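These notes are about the structure you will find just below.
The values are calculated or read from the model by the stated rules, or taken from the named source; none is laboratory data. Note that this is a predicted model, so its numbers are computed, not measured. Cβ placement follows ideal geometry from the backbone for every residue including glycine, while neighbour counts extend to all protein chains displayed. Calculation scope for accessible area: heavy atoms of the full protein, side chains included, ligands and nucleic acids excluded. Shrake-Rupley method; radii C 1.70, N 1.55, O 1.52, S 1.80 Å.
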Amino acid sequence: MVERSGRKAVRDLIDQIRSDPAVLDGAVDAARGYAPLIAQLPRAQVRHHVAALINVVIAAYSETGELGEGAKAADELAFDRVVQGVPLAALLDGFQAGRVYAMSRLIDAAQDAGQTDAVLGALVELDTYSHELRNRLIDAYRSREAELARNGYSARARLLRELFHGEAVAEQQDGHQDYNAPTASSPLNPARPYHCLIADLTDPNRAAPLEALIASAGGISGFVDGYLCGVSPRLPAVDRLLHEVLVVASPPVRLTGLSGAYQACGIAMTAARTRGLLGLQTVTGLALASAADSQPQIGCLLAGSLLAKLDPADAFHRLLAETALAYLGHGKRTDTTAVALHVHPNTVKHRLRRLGELTGFDAGPGPAPQDTLGDAVRWWWALTVWCNEGSGRA
């Protein structure tokens, strides 16, 4: 009778804490905080997996009495982490940290309700399902790891991680080829420059089409720090897929320069994502945006100085600022700006004139004394920050 009431009490406590999103967030933070390699992965992806595992354990305890089909969530997690290069030890560290956090919240809730003694046995039963799930994770991980080792994917992904993180590429041992010297079996030639590629894609199950596209350009690909990456002697051909996913590419560099190119691509990808860009983008094309984003305080000071008389709540002021930003982005040409904005060139001129009356922005014909590259950059930077703040993207 005590056991039955204990199970009911635990189910009630589970329902209570499941309704609090802070519990799931706390388990995610615990997993990422205890396992640094898990922390490198996108938070949303870790949150999805943690929620799935918690639901599997709860369903087994409260409904089915076994993991059953729900255990496929463990298989999916293990498969993803193998592809992403997360070691089994790190995966288990994150799992254990999340488990301890969730159990501690249940125990705290039981103490608050004065039911600690009644639920103790039921909590032990609940925890047996988490141990069973842990074993399922281990088996699935090792199975997937062996599969990827057989088809050569693991070696290629390991090579990318070594190159991108500036590590010395391992000499030939345990089947790992020395890629510092050109050989018949090496996929990369040290005498040849390569583009570094980072895709804003974190789900290994969606990676195959883009991996095939990189391979068609003569490159190799794999997951590094949770994102699909690659190196290729030439850029992938424009494809429908490249219009649906953000991919950032560096100029071609030698193997020793890939570490710096990878860091630059990561910075540029953040700038592109902030602006809602998709498709194939280049580090050089995003250079100004990346530099501006890295110094937000300077941008805010510029906006405050140059655009002080603009009101973010005024729709007309916003229209003027967005028109000026488009004007600068189109080489200060009213005709191409008008086409981009779907308005008449005279409309563009009128808006720029009104903006000039409010802020001193000069769009008149002919180069003015202050019409320098630096002046254009300052106005672009100020307008970008001002428009982003008003749209909530800052």
Subset of the stretch 144-153 (residues that are surrounded by 13 or more Cβ atoms within 10 Å (Cβ to Cβ) and free of Cβ contacts under 8 Å to residues at least 24 places away in the same chain): 147, 149
Checking residue 388 against (1) open to solvent by 40 Å² or more (accessible area, probe 1.4 Å); (2) at pLDDT below 90: exactly one of these is not met. Which one? (1)
Matching residues in the stretch 342-384 (modelled with pLDDT of 90 or more and of a type in the set (A, V, I, L, M)) number 7
Can you tell me how many residues in the stretch 164-202 are in contact with a strand residue (DSSP E or B) (Cβ under 9 Å, 6 or more places away or on another chain), modelled with pLDDT of 50 or more and either farther than 21 Å from residue 247 by Cα or of a type outside the set (Phe, Trp, Tyr) (or both)? 12
Residue satisfying condition, being basic (Lys, Arg) and either open to solvent by less than 50 Å² (accessible area, probe 1.4 Å) or in a loop (DSSP other than H, G, I, E, B) (or both), within set 349, 332: 332
Index of the failed condition, residue 293 passing every other in (1) surrounded by 14 or more Cβ atoms within 10 Å (Cβ to Cβ); (2) farther than 30 Å from residue 226 by Cα; (3) acidic (Asp, Glu): (2)
Residues of the stretch 220-248 being closer than 22 Å to residue 81 by Cβ and among the small types (Gly, Ala, Ser), in sequence order, are 221, 222, 226, 230
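Which of the following residues is free of Cβ contacts under 8 Å to residues at least 40 places away in the same chain and either within 21 Å of the chain's Cα centre (by Cα) or more than 24 Å from residue 348 (Cβ to Cβ) (or both): 285, 331?
Working: 331 fails: either within 21 Å of the chain's Cα centre (by Cα) or more than 24 Å from residue 348 (Cβ to Cβ) (or both).
Just a single option satisfies the conditions, and that option is 285.
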Kindly evaluate residue 140 against the criterion of being modelled with pLDDT under 75, in a helix (DSSP H, G or I) and crowded, with 18+ Cβ neighbours inside 10 Å. no
Which residue is modelled with the highest pLDDT, if the candidates are limited to the stretch 1-15 and must be open to solvent by 80 Å² or more (accessible area, probe 1.4 Å) and of a type in the set (A, V, I, L, M)? 2
Could you please find all residues in the stretch 262-285 being surrounded by fewer than 22 Cβ atoms within 10 Å (Cβ to Cβ) and part of a loop (DSSP other than H, G, I, E, B)? 275, 276, 277, 278, 284, 285
Verdict on residue 311 being of a type in the set (Asp, Glu) and touching a residue at least 12 places away in the same chain (Cβ under 8 Å): no
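Condition first: without any contact (Cβ under 8 Å) to a residue 60 or more places away in the chain and out of contact with any Ser or Thr (no Cβ under 6 Å at 6 or more places or on another chain). Now tell me which residues in the stretch 6-28 satisfy that. Full working, then the answer.
Step one: filter the stretch 6-28 for residues without any contact (Cβ under 8 Å) to a residue 60 or more places away in the chain, giving 8, 11-12, 15, 18-22, 24-25.
Residues satisfying the conditions are 8, 12, 15, 18, 19, 20, 21, 22, 24, 25.
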Would you be able to say whether some residue in the stretch 248-257 is closer than 17 Å to residue 158 by Cα and crowded, with 19+ Cβ neighbours inside 10 Å? yes
